[in-house]
Structure formats: C-alpha cells, structure tokens
Amino acid sequence: MPEETLFTVDELATYLRMKPVTIYKHAKAGKLPGFKVGANWRFKKSTIDRWITDQEKERNHITK
C-alpha cells in the first residue's frame, strides 16, 4: 500500500504559500482539514488537494 504524504504546519504553509500562523488559525477554526498527533497538527496531502478543489468549485459557483 502506498504511504500517504503528511504535511506538518510548516510544510503545509510552504505548499499553500501561507504563513504558519495562518495555518494554525485556520486548522484550529476547522477551516482547514487536519488532525492533531499529540500537540502537533498534521495534514494529509490528498485531503488538502481535495479541499483546494472544493474551494475552487465553491468560488466558481458563487461568482457565476
């Protein structure tokens, strides 16, 4: 079985071109799909990619 890519906050911040503090804020508020391992946030790349696609669809739906 292929291993799932997991991002840390810093890795996700780089991937999304956002500041780490913004990632923490959105994760804590439930705006970004992630989960905690102990005190540390983790984010599945496949889930983040799907979330990006959903955000694009939502934006396109709103602007039409």
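Quick note: the coordinates plus some simple rules give every number you see, no bench work behind them. What you are looking at is a predicted structure, and each value in this text was computed from that prediction instead of being measured. For neighbour counting, all protein chains shown are included, and Cβ atoms are generated from backbone atoms with ideal geometry for every residue, glycine included.
Short-range pairs are left out: with C-alpha atoms under 8 Å and at least six residues apart, the relative contact order of region 6-63 is 33 percent.
Can you list, largest first and rounded to whole Å, the semi-axes you get for region 1-42 by taking the square root of 5 times each eigenvalue of its Cα gyration tensor?
The answer is 17, 13, 9 Å, longest axis first.
Extension gain, GLU3 to LYS28: 0.36 nm times the residue separation minus the Cα-Cα distance gives 6.4 nm. For region 33-49, backbone phi angles converted through the Karplus equation (6.51, -1.76, 1.60; θ = phi - 60°) give residue-by-residue couplings of x, x, 8, 9, 10, x, 9, 10, 7, 9, 9, 6, 4, 4, 5, 5, 4 Hz, Gly and Pro being listed as x. Taking each residue as 0.36 nm, the span from VAL21 to GLU56 lengthens on full extension beyond its C-alpha to C-alpha distance by 10.3 nm. Sorted ascending by nearby beta carbons within 10 Å, beginning with the fewest, ILE52, ILE23 become ILE52, ILE23.
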